[in-house]
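Taking it in order: structure first as structure tokens, then the write-up.
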């Protein structure tokens, strides 16, 4: 596994870490479930938000101008472009946007 693959895998491990057993660790999620939201929907919404936050962060961190200014290349260049293809479920995040 190369550096880019390790970075993407690590990011996805955090994006996909929420589930029905741990979602109630977030008070707002617990309140939503207690108010009648389906647990799976809350997990899905929060996972999609985690993906979006990760993507936007990578986009900012790997912009051409910033990389050129910092002299950075290699593993981080265009990393946001590879995020969906690194989804460990194999479905490139399609379940997050249904």
Exercise. Take region 7-47 and flag every residue that is surrounded by 18 or more Cβ atoms within 10 Å (Cβ to Cβ), over 30 Å from residue 78 (Cβ atoms) and within 19 Å of the chain's Cα centre (by Cα).
Key: 23, 29, 42
Quiz item: How many of the residues in region 56-81 are modelled with pLDDT of 75 or more, touching a helix residue (DSSP H, G or I) at 6+ places or on another chain (Cβ under 6 Å) and closer than 17 Å to residue 5 by Cβ?
Solution: 3
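The values are calculated or read from the model by the stated rules, or taken from the named source; none is laboratory data. Not measured: the values here are computed from a predicted model. Neighbour counts are summed over all protein chains in view; Cβ atoms, including those assigned to glycine, are modelled from backbone coordinates with ideal geometry.
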